[in-house]
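The values are calculated or read from the model by the stated rules, or taken from the named source; none is laboratory data. Quick caveat: nothing in here was measured; it's all calculated off a predicted structure. Every residue, glycine as well, gets a Cβ built from its backbone with ideal geometry; the counts of neighbours run over all protein chains shown. Just so you know, the surface numbers come from the protein's heavy atoms only, side chains and all, with ligands and any DNA or RNA stripped out. Shrake-Rupley method; radii C 1.70, N 1.55, O 1.52, S 1.80 Å.
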Amino acid sequence: MLQFCAMMPGVQATPNAAASNHPAPAEPATSHLGFDQNIYPGDEALVTLRKTFSFAGYWISPPPEETTNTWQGKREILRKLHFGFLVLYRGRESKGLKSGADAATKGKSDASDAAASARREGFQPNTIIFLDIEEGGRLPETYHAYLRAWADALKSAGYRPGVYCSAIAVKEGKGVTITTADDIRTNEAPREFSYWVYNDICPPAPGCAPKLAAPPPSKSGIPYAAVWQFAQSPRRKEYTSRCAATYAKDGNCYAPEDNAHKWFLDINSANSADPSAGAK
């Protein structure tokens, strides 16, 4: 999913100090592995992927840089295979939010569209819908206005808000660092979001390691994370030199049973086998 993101200047692998100010939830006894991919891998692929993964990312909008959504109408196929879900909706880019009022209007509109799409796909009320935020570091105030409006409108429509965002600390100077996750948690309070964070820097990320036990999402550097995307396809070389050997020669990550390397994947761990509570 993040192959579209440019490297943020001044990133570092060390978790930022703000994270320590948030109390961590109780650590689950077991974490669960899941995958996500912008393009639906095909019905046949799911049978193979289910041997390794408990849940799958599920787009209810076109993914970034796409005009169509190939996941549309596939929910029942995944349910029959007992997959859990990470329900995902594409967020706006900050450059497209012209003012606070414009951002709020677009947030409400996107929440209405996300809820309608979720209903069409058969997702029940209280399903968590993760807003895909591709920008790292501190977000502009217009984006916070967009997020607040989106979360409020989505909740009014019967669904719960989540965000997919960066857990990579960005240096801002004078010893200050920030992650997008902490920035959102601070600015959108008291609204409650579920956090699906990405941090593919090795360490703490183990690299493309779907054969290993799923690492707890808190190891991402965000103690309150519900989901951690720790491997991306293709790998980002500036972050993964220490775990390069875990990826395939083409730089992608594949399921252990995918010997033909048909389906390159992003890999996630979660506190739940159904992080969006979307399998009902």
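Convex hull volume of the Cα atoms in the range 136-209, per residue, in Å³? Could the numbers behind the result be given before it?
Numbers: hull volume 7.5 nm³, N = 74.
Per-residue hull volume (Cα only) is 101 Å³.
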- Item | Residue-averaged 222 nm ellipticity for the chain, from DSSP H runs of 4+ at -39500 (n - 2.57), nearest 500 | -6500 deg cm²/dmol
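Assign one of three labels to the range 156-280, namely rounded, prolate or oblate, based on the Cα gyration tensor with a ≥ b ≥ c the square roots of its eigenvalues; rounded applies when a/c is under 1.5, prolate when it is not and a/b is larger than b/c, and oblate otherwise.
Values: a/c = 2.45, a/b = 1.29, b/c = 1.89.
Oblate shape, in that a/c is at least 1.5 and b/c is the bigger or equal ratio.
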- Nitroxide proxy distance, nm - points 7 Å out along Cα→Cβ at ASN187 and SER156: 2.2
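Over all directions, average the projected area of the Cα convex hull of the range 34-128 and note it in nm².
Details: hull surface 26.5 nm².
Approximately 6.6 nm², given one-decimal rounding.
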- Charge dipole magnitude, Cβ of K and R +1, D and E -1 - the chain, Cα centre, debye nearest 20: 220
- Note on the structure: Given a 1.4 Å probe, the accessible area of the chain per residue, as a whole number of Å², is 43
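Relative to the present Cα-Cα distance, how much length would full extension add between GLU65 and LYS174 at 0.36 nm per residue of separation?
On the way: separation 109, 0.36 × 109 = 39.24 nm, distance 3.60 nm.
Gain on extension, GLU65 to LYS174, equals 35.6 nm.
In the range 72-127, what is the volume of the convex hull around the alpha carbon atoms, normalised per residue and reported in Å³?
90
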- Residue by residue, what Karplus-based ³J(HN,Hα) values in Hz, rounded to whole numbers, does the range 194-208 have, using 6.51, -1.76 and 1.60 with θ = phi - 60° and x for Gly and Pro? 8, 10, 10, 10, 10, 7, 9, 6, 9, x, x, 5, x, x, 7
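Which order do HIS32, HIS144, HIS82 take when ranked by solvent-accessible area (1.4 Å probe, heavy atoms of all protein chains), largest first? It would help to have the intermediate numbers written out before the result.
Values: HIS32 50, HIS144 5, HIS82 135 Å².
Largest to smallest exposure gives the sequence HIS82, HIS32, HIS144.
Loop-only trypsin sites (Lys or Arg not before Pro) in the range 210-248, please: DSSP not H, G, I, E or B, and at most 12 other Cβ atoms within 10 Å. List each step's numbers first, then the result.
Working: sites: LYS211, LYS219, ARG235, ARG236, LYS237, ARG242; in loops: LYS211, ARG235, ARG236, LYS237.
Here the trypsin sites (Lys or Arg not before Pro) that fit, given the DSSP loop and packing criteria, are LYS211, LYS237.
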- Note on the structure: From the Cα centre of the range 232-280 to that of the range 35-61, the distance in Å is 11
- Query: In the chain, carbon and sulfur make up what percent of the accessible area (probe 1.4 Å)?
  - Reply: 52
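Over the chain, what is the percentage of antiparallel beta bridges among all DSSP beta bridges, to the nearest 5?
Details: 14 of 38 bridges.
Looking only at bridges with both residues in the chain, the antiparallel portion is about 35 percent.
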- Task: Would you pull out the residues with amide H under 5 Å of TYR58's amide H, same chain only if 5 or more places away, H placed 1.01 Å from N?
- Result: LEU86, VAL87, LEU88
- Task: Taking 7 Å along the Cα-to-C-beta vector as the label spot, tell me the THR30-ARG236 distance in nanometres, rounded to one decimal.
- Result: 3.2
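Report the full-extension gain for the segment LYS262 to ASN126: residue separation times 0.36 nm, less the Cα-Cα distance, to one decimal in nm. Don't jump to the answer; show the numbers that get you there.
Numbers: separation 136, 0.36 × 136 = 48.96 nm, distance 3.43 nm.
Taking 0.36 nm per residue and subtracting the Cα distance, the gain is 45.5 nm.
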- Item | Separation between Cα centres of the range 152-193 and the range 90-117, rounded to whole Å | 16
- Backbone N under 20 Å from the GLU93 label point (7 Å along Cα→Cβ), restricted to the range 154-187: 164-166, 180
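At 0.36 nm per residue, minus the direct Cα-Cα distance, what do LYS51 and ALA213 gain on full extension? Give it in nm, one decimal, please.
Values: separation 162, 0.36 × 162 = 58.32 nm, distance 1.39 nm.
Length gained, LYS51 through ALA213: 56.9 nm.
Just need the Rg to Rh number for the chain, please, alpha carbons only, Kirkwood Rh. Don't jump to the answer; show the numbers that get you there.
On the way: Rg = 17.6 Å, Rh = 18.7 Å.
Using Cα coordinates only, the ratio equals 0.94.
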